[in-house]
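Take a look at the structure set out below.
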Ligand code: GTP
Ligand code: SPV
Ligand code: MN
């Protein structure tokens, strides 16, 4: 009797007609073999193996360098269940239309059967998925990003309970590119792209879009959040989860290195992109990182902004769309030291210091194993997860939003997350720098109607006797001259210290219409180039500006019609009232 997996592989092979089928075991030997084949075919290029052992460069198709939100669909039977936050196609229509693109798509190619686990191998919160792909780059990347191969097929056994993901790079033409989610069947179909979030199906497609859908059914949260532990000088470790939109600072914050001025503090990384959080028997929220690797933004990464990841990516890393120096080492804008006089840019073209174009693509990335990160928490693979004491929501906002403030309670905190907006970045195709609503940093990743998602957040909070405290942060507030007011990166620990103090009831706060703000003495700026005036600007709450912002929030909520929970409307009204008084 064939297993459910064997039957499904067979069905997909009938449709896509691969030349061979390779069942991935996730072994080192297999990784070496696939790498060698990709070096031979030109899919990978060797970097300087003395300086970057086991590191390779991949150049993607120039039209396939970021997530494509307009080609991403949630295919629920009812349109309203996908909500105005998602593109929608009826499942039958989607299967007919995109089935035609899959038909014969793997002719002359190998189909890799990639079983994977999202989450620590033995955790009851973890889930098995299987991705069928015709891209060896995807197969080896999945080995870095997930627990891939035999561990996963062993956990699956002959069970039918796994997320099915069918992926083909197709012809890479954006006109024939679709990223489809069928949450009712726990099924993913992705064709026409080899890019991370579109093609490594365990990540955004499974862990977030299908994950959020399952989380609502089962009473937990699947979120676009980093997870970190802060050990203070007394030896106490407090865990924080933080949602920032794509390319807004999760990886950097997750690996923060305390500056020398912050003696006795240590930050432990648990995750840097996704958190699965379950209510525990103790009434707290417990988080696991479903991933095993980092798919991080390269530009701007250096020994000052993120020394831990710079150390992580020196071995066993695939760089995608970065530039290469004549010395064979990777290069991107914002790397340490003076830029090279010449390089080969991300498209393989000669580049010099005089070039007006970027050497690396603004969304160039590294794929690297988490276990290589020197800051990895000893708890990062704990099957029970870590208990979360604080949740941060942070966007990229030049104005209005203070450096940090705290919600009055869970419901108000959900309102703070729901009204988040942020400037768009190069992580998705489209305009960069445009402020858009991005509730909980989940706009591109919530696999169902966002009105229902807000209601789910409220419900989860009600079930927690010891819920995390909720905060908003903004590292990106600017002076009228367009300069960042806050130094950011390692110095963000000073803000986290205020968060910790609030969580542990160790510091007071000013009650303002928008929430609890730090007193000026609450943020330690000793030794920083941040004047009293600048700190005042960072923490300023301009009642008039806030009053002007509320209609936009209401207009956004209006989109969700009767799916919008009344509690968040009440929060709007309460905010307006507080602003008037
Ligand atoms: P995804 O992987 O797309 O989800 O992104 P991410 O949220 O992990 O973003 P990441 O940490 O890679 O940060 C991306 C960009 O934000 C880089 O250009 C960083 O230099 C910049 N950045 C991160 N932290 C800070 C900060 O504290 N201050 C400032 N000004 N910029 C920051
Ligand atoms: C993001 O865009 O938020 C990422 C990169 O983390 S990707 O996996 O491509 O979505
Ligand atoms: Mn992300």
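The values are calculated or read from the model by the stated rules, or taken from the named source; none is laboratory data. It should be emphasised that the depicted structure is a prediction, and the values quoted were computed from it without experimental measurement. Note that we place each Cβ from the backbone using ideal geometry, even for glycine, and neighbour counts take in every protein chain shown.
Before moving on, here are some points about what is shown:
- Test: residue in region 243-251 that is modelled with pLDDT of 95 or more, within 11 Å of ligand 2 (Cβ to nearest atom) and within 16 Å of residue 145 (Cα to Cα): yes
- Just one of the listed residues (368, 301, 317) is in contact with a strand residue (DSSP E or B) (Cβ under 6 Å, 6 or more places away or on another chain) and within 16 Å of ligand 3 (Cβ to nearest atom), namely 368.
- Tabulated pairs, region 108-131, first on the phi > 0 side of the Ramachandran plot, second outside any loop (DSSP other than H, G, I, E, B), C-beta under 6 angstrom, 6+ apart or interchain: 119/288
Residue by residue, here is whether (1) in contact with a helix residue (DSSP H, G or I) (Cβ under 6 Å, 6 or more places away or on another chain); (2) at pLDDT below 95; (3) surrounded by 21 or more Cβ atoms within 10 Å (Cβ to Cβ) holds:
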| residue | (1), (2), (3) |
| --- | --- |
| 471 | yes, no, yes |
| 474 | no, no, yes |
| 487 | no, no, no |
| 495 | no, no, yes |
| 501 | no, no, no |
| 518 | yes, no, yes |
| 521 | no, no, no |
| 524 | yes, no, no |
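- Selection count where residues are touching a strand residue (DSSP E or B) at 6+ places or on another chain (Cβ under 9 Å), within 15 Å of ligand 1 (Cβ to nearest atom), closer than 30 Å to residue 234 by Cα and part of a loop (DSSP other than H, G, I, E, B), scope region 468-502: 2
- On the stretch given as region 232-287, residues that are within 15 Å of ligand 1 (Cβ to nearest atom) and surrounded by fewer than 19 Cβ atoms within 10 Å (Cβ to Cβ) total 1.
- Residue check for residue 367: crowded, with 19+ Cβ neighbours inside 10 Å and within 12 Å of ligand 1 (Cβ to nearest atom): yes
- Any hit, region 297-318, residues being assigned to a strand (DSSP E or B), at pLDDT 95 or above, buried (at least 19 other Cβ atoms within 10 Å of the Cβ) and out of contact with any helix residue (DSSP H, G or I) (no Cβ under 8 Å at 6 or more places or on another chain): no
- Residue 454 touching a helix residue (DSSP H, G or I) at 6+ places or on another chain (Cβ under 9 Å) and within 13 Å of ligand 3 (Cβ to nearest atom): no
- Those residues of region 319-341 which are more than 16 Å from ligand 2 (Cβ to nearest atom) and in a strand (DSSP E or B), in sequence order: 323, 324, 330, 331
- Residue match in region 237-252 (condition: touching a helix residue (DSSP H, G or I) at 6+ places or on another chain (Cβ under 7 Å), within 15 Å of ligand 3 (Cβ to nearest atom), assigned to a strand (DSSP E or B) and under 22 Å from residue 493 (Cβ atoms)): yes
- Out of 190, 141, sole residue that is outside any loop (DSSP other than H, G, I, E, B), surrounded by 18 or more Cβ atoms within 10 Å (Cβ to Cβ) and within 16 Å of ligand 1 (Cβ to nearest atom): 141
- Count - residues of region 323-341 that are away from ligand 1 (no atom under 14 Å from the Cβ), buried (at least 16 other Cβ atoms within 10 Å of the Cβ) and either closer than 26 Å to residue 488 by Cβ or without any contact (Cβ under 8 Å) to a residue 60 or more places away in the chain (or both): 6
- Any hit, region 421-440, residues being surrounded by 16 or more Cβ atoms within 10 Å (Cβ to Cβ), farther than 21 Å from residue 297 by Cβ and either at pLDDT below 95 or more than 19 Å from the chain's Cα centre (by Cα) (or both): no
- Cβ separations smaller than 9 Å between residues 6+ apart or across chains give the following pairs from region 193-211 residues that are free of Cβ contacts under 8 Å to residues at least 60 places away in the same chain and within 14 Å of residue 178 (Cα to Cα) to residues that are within 12 Å of ligand 3 (Cβ to nearest atom) and part of a helix (DSSP H, G or I): 205/197.
- You will find that of 25, 61, the residue that is surrounded by 13 or more Cβ atoms within 10 Å (Cβ to Cβ), assigned to a loop (DSSP other than H, G, I, E, B) and within 23 Å of the chain's Cα centre (by Cα) is 61 and no other.
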